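Values quoted throughout were computed directly from the atomic coordinates according to the rules given, and no laboratory measurement underlies them. What you see is a predicted model; the values in this text were computed from it and never measured. Please note: Cβ atoms are built from the backbone with ideal geometry, for glycine as well, and neighbour counts cover all protein chains shown.
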């Protein structure tokens, strides 16, 4: 019990003292995950729009596929990206393995199914009268789509927040394609796993507290946007 108390006290000291190594790990986590979301959103939202309003063969199969991919473990995604980027893989010549770029790619791939599925559900629940009214008033199809997206903007924001929460807390992809390199690819989840395995609990507790705080903030905004979406 005393060990846990002393580790918790040391964790608090690390957080408030501005420990360089600790905050570098936190910075890597946020940098990689934000870049992954910035890549996933411009890809995921158009796909969700296409699935919600497009009519083409195989659409239902694609919707089912993306819904199913949400349940794929992060380590499986990490293995797939690892094989793609390894020397024997099709993109091995790019030499991206064990870099932050590889982590960004892996996290973007992990975020896409959740983002697409939630955005698709949001768009499907939209009041199509907004679409029809926009077209009646002479708006082009892209403008009409933007009108519909504005109607469900809170639900779309919730989808983005949920996707960000999924990738910043995952360990499988980051560990497999990033390599957990100190001051370069070591992020919060991989650092927690490493420090705990070594019996160094102070840094693990400090980083866990950061993730817990982030989870509370993300859930607050997720519930806020979902509530506004229901009221809109």
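Debye-formula intensities of the chain, expressed as log10 I(q)/I(0) at q = 0.09, 0.11, 0.12, 0.15 Å⁻¹, are -0.46, -0.65, -0.75, -1.02 (one equal scatterer per alpha-carbon, no solvent).
Helix-derived [θ] at 222 nm for the chain: sum -39500 (n - 2.57) over DSSP H runs of at least 4, divide by residue count, nearest 500?
Details: 11 runs with 182 residues, N = 232.
Roughly -26000 deg cm²/dmol at 222 nm, from the helical runs in the chain.
Along its first, second and third principal axes, ordered by size, segment 1-53 spans 59, 25, 12 Å in Cα coordinates. With a 10 Å cut-off between alpha carbons and a GNM built on the chain, which of 11, 117, 71 moves the most? Residue with maximal mean-square fluctuation among 11, 117, 71: 71. Residue exposure proxy: 220, 164, 53, ordered by other Cβ atoms within 10 angstrom of their Cβ from fewest to most, comes out as 220, 53, 164.
Mind checking the full-extension length gain between residue 219 and residue 143? Use 0.36 nm per residue of separation minus the Cα-Cα distance, one decimal, nm. Once the chain is fully extended between residue 219 and residue 143, it gains 24.2 nm.
Remark: spin-label model distance residue 70-residue 196 equals 2.6 nm, labels positioned 7 Å along the Cα→Cβ axis. Highest GNM mean-square fluctuation among 49, 145, 156, for the chain modelled with Cα contacts below 10 Å: 145.
I'd like the orientation of helix 153-168 relative to the chain: the angle between its Cα long axis and the longest Cα principal axis, in ° from 0 to 90, rounded to 10. Result, in degrees: 30. If I fit a long axis through the Cα atoms of helix 74-85 and take the longest principal axis of the Cα atoms of the chain, what angle between them do I get, 0 to 90°, rounded to 10? For helix 74-85, the angle is close to 90 degrees. Taking the Cα centre of each part, how many Å lie between segment 157-192 and segment 42-70? Centre-to-centre distance over Cα atoms comes out at 26 Å. With springs connecting C-alpha atoms under 10 Å apart, model the chain as a Gaussian network and identify which of 69, 211, 94 has the largest mean-square fluctuation. Of 69, 211, 94, the most mobile in the Gaussian network model is 94. Summed over all non-identical Cα pairs, the Kirkwood treatment of segment 33-79 gives a radius of 12.2 Å.
Principal-axis analysis of the Cα atoms of the chain puts helix 201-231 at an angle of about 20° to the longest axis. Neighbour counts of other Cβ atoms within 10 Å put 61, 70 in the fewest-to-most order 61, 70.
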